[in-house]
Amino acid sequence: MPSPAVPAPADADRSVARLQLPGREVDLPIVVGSEDEHGVGIGRLRDQTGYITVDPGFGNTAACNSAITFIDGERGILRYRGYPIEELAEKSSFVEVAWLLIFGELPTSDQLAGFRALLTDEQLLHEGMRYHFEGFPPHGHPMAMLSAMINACGCYHPELLAPEMDDERLIRATATLMSKVCTIAAFSYKMTQGRRMEYPDPSLSYCRNFLHMMFSRPHRRHEPPLQVVRALTKFLILHADHEQNCSTSTVRMVGSSGANVFASVASGVCALWGPLHGGANMAVIEMLRQIQEGGDDPRSIVAKVKDRKFRLMGFGHRVYKNFDPRAKILEETCGELLDTLGVSDPLLEIARELAEIALTDDYFLERKLYPNVDFYSGIILRAIGIPLNMFTVMFSIGRVPGWIAHWYELYQDPERRICRPRQIYTGSGRREYVEMDARGC
Ligand code: CMC
């Protein structure tokens, strides 16, 4: 938005921005979003002037128009298709939210029933996929397995890989991806435990079925308390979409080449894996454990962060310059879950102490660094019994609907073009090739 400190002249044309370049001026269109966000359209700048724009990390670049998720990072607002995240987390189911994100409206009861039935239909993996699993070493990372298996899954559904997509096919692809990621995740866990895979139970809801596949054993069925199911539902809803983050942008980038939805979602899993993105939920728990085991107390961790020895994991965000509304809900959910289960987790106390120190420290205040979605989520996952190396897999399960929603939005965009950023070249100028003999080899 234009800065209020620099009032525009009364006769200024508000639909264009005038850019002054050496020797010339050019008018660029101003693009306005439905929540009054303002952007400057530079799509034709190079054609008009020979100049490109430079924005490493895309901190100031809108790569697309999108009607899926709205974030106001200054005010801590997050909405999916216009619905506040707080209300969805409180009242909705993950399956309902997935439909909302992908198709734009809350489902009718018939739509929901049909979608649930499809999710159930798609829970089983093709028997052939068992051999893919057997090819992984026993301690292979579950994120590597997840991305490889999602891609492999596409091979068993050639009808969903065809270049043409419509709503009906997308519903089938969505049900396939959403159901299979749960089965793949649970399968990879059972493998590391040396245990037999539990088949999905079609009578269970999405979240209950996942917990059943993870934790039931042939002689002992896992019956999670309602609070656990509710906490998992909230976790998944809060992770379901977050507009143009690194993994979603990856999905859109890959999809822009015309790649199918399985390949595009598999690439999203890879992008999510890094510790600056979804991998932060694991890194937070590793940091808290280090404190618990006496290596460092919270104050010395904060001091080391300020000395730039490392970053405070689970803190800071590219967009939120105020609190992250997801972290707020997750902190409350954490407390409620531990209370109702009657367990205490010393890591929650350490996390709260760390947050208190950081939130009153000038280093964090000046940089507007607040707890993000990954700061408290791991404590919920621990309470549910999810092993640490699967935390980012859990984030992926939550994010699948968001990735699909963005893939489909791009697919349907009549102005879609392949994503192809430019660069400012800083390497050497033209050089003569030096023959091997002359290089003394
Ligand atoms: N600890 C210490 N300092 C930080 C942190 C942090 N967690 N985050 C940012 N800063 C500092 C950074 O050093 C820089 O300071 P200065 O201007 O003095 O050099 C300033 O704050 C701005 O940082 P930035 O790197 O330009 O910010 P960014 O928008 O590029 O990075 C971020 C965003 C999330 C990668 C970063 O805040 C970070 O590394 N956080 C820790 C990892 C994390 O929790 N990631 C999860 C993000 S939320 C969920 C998700 O997307 O998956």
*How many of the residues in the stretch 354-385 are among the aromatic types (F, W, Y), open to solvent by less than 20 Å² (accessible area, probe 1.4 Å) and within 11 Å of the ligand (Cβ to nearest atom)?*
2
_Condition first: touching a residue at least 24 places away in the same chain (Cβ under 8 Å), more than 10 Å from the ligand (Cβ to nearest atom) and open to solvent by 40 Å² or more (accessible area, probe 1.4 Å). Now tell me which residues in the stretch 275-300 satisfy that._
E286, R289, Q292, R299
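Any idea how many residues of the stretch 193-233 are open to solvent by 40 Å² or more (accessible area, probe 1.4 Å) and under 21 Å from the mean Cα position of the chain (by Cα)?
Within the stretch 193-233, residues that are open to solvent by 40 Å² or more (accessible area, probe 1.4 Å) and under 21 Å from the mean Cα position of the chain (by Cα) number 1.
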_Of all residues making up the stretch 318-330, the number that are over 19 Å from E286 (Cβ atoms), buried (at least 20 other Cβ atoms within 10 Å of the Cβ) and more than 10 Å from the ligand (Cβ to nearest atom)_ = 2
*Across the stretch 363-387, what is the total count of residues that are touching a residue at least 24 places away in the same chain (Cβ under 8 Å), over 18 Å from the mean Cα position of the chain (by Cα) and assigned to a helix (DSSP H, G or I)?*
6
*Pull up the stretch 234-255, narrow it to residues that are open to solvent by less than 10 Å² (accessible area, probe 1.4 Å) and either away from the ligand (no atom under 16 Å from the Cβ) or touching a strand residue (DSSP E or B) at 6+ places or on another chain (Cβ under 6 Å) (or both), then point me to the one that is farthest from T120 (Cα to Cα).*
G255
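Take P421 and tell me if it is touching a helix residue (DSSP H, G or I) at 6+ places or on another chain (Cβ under 9 Å), open to solvent by 60 Å² or more (accessible area, probe 1.4 Å) and modelled with pLDDT of 95 or more.
Numbers: touching a helix residue (DSSP H, G or I) at 6+ places or on another chain (Cβ under 9 Å): yes; open to solvent by 60 Å² or more (accessible area, probe 1.4 Å): yes; modelled with pLDDT of 95 or more: yes.
So P421 passes the test.
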*asked:* For the structure I just gave you, tell me whether A303 is part of a helix (DSSP H, G or I) and surrounded by 19 or more Cβ atoms within 10 Å (Cβ to Cβ).
replied: no
*Of the criteria (1) assigned to a loop (DSSP other than H, G, I, E, B); (2) polar (S, T, N, Q); (3) closer than 22 Å to I102 by Cα, which one T250 fails*: (1)
*Looking only at the stretch 40-99, which residues are touching a residue at least 24 places away in the same chain (Cβ under 8 Å) and polar (S, T, N, Q)?*
T49, N65, S66, T69, S92, S93
*asked:* Which condition from (1) open to solvent by less than 10 Å² (accessible area, probe 1.4 Å); (2) on the phi > 0 side of the Ramachandran plot is the one that G402 breaks?
replied: (2)
*Of residues in the stretch 265-274 being in a helix (DSSP H, G or I) and in contact with a Ser or Thr (Cβ under 8 Å, 6 or more places away or on another chain), the one farthest from the ligand (Cβ to nearest atom)*: A266
*Tell me the helices (runs of 4 or more DSSP H) entirely within the stretch 55-144 that contain at least 2 residues that are under 17 Å from the mean Cα position of the chain (by Cα) and within 29 Å of M282 (Cβ to Cβ).*
85-91, 94-103
_Of residues in the stretch 333-353 being β-branched (V, I, T) and open to solvent by 20 Å² or more (accessible area, probe 1.4 Å), the one farthest from N281 (Cα to Cα)_ = T340
*Tell me, please, whether a residue that is modelled with pLDDT of 95 or more, within 15 Å of the ligand (Cβ to nearest atom) and assigned to a helix (DSSP H, G or I) can be found in the stretch 332-343.*
no
*Flag if F262 is open to solvent by less than 50 Å² (accessible area, probe 1.4 Å) and in contact with a Cys (Cβ under 7 Å, 6 or more places away or on another chain)*: yes
*Restricting attention to the stretch 301-317, report how many residues are near the ligand (Cβ under 7 Å from one of its atoms) and in contact with a helix residue (DSSP H, G or I) (Cβ under 8 Å, 6 or more places away or on another chain).*
6
*Out of K180, K190, report the one residue that is surrounded by 16 or more Cβ atoms within 10 Å (Cβ to Cβ) and at pLDDT 95 or above.*
K180
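Can you spot a residue in the stretch 407-429 that is among the aliphatic types (A, V, I, L, M) and within 20 Å of the chain's Cα centre (by Cα)? Please lay out each step first, then the result.
Let us first name the residues in the stretch 407-429 that are among the aliphatic types (A, V, I, L, M), namely 410, 418, 424.
With within 20 Å of the chain's Cα centre (by Cα) added as a condition, the list becomes 410.
Within the stretch 407-429, one or more residues are among the aliphatic types (A, V, I, L, M) and within 20 Å of the chain's Cα centre (by Cα).
The values are calculated or read from the model by the stated rules, or taken from the named source; none is laboratory data. Keep in mind that what you see is a predicted model, and the values were worked out from it rather than measured. When we count neighbours, we look across all protein chains shown, and the Cβ atoms used for this are built from the backbone with ideal geometry, even at glycine. When the accessible area is computed, the model is the full protein with side chains, heavy atoms only, and any ligands, DNA or RNA have been set aside. Shrake-Rupley method; radii C 1.70, N 1.55, O 1.52, S 1.80 Å.
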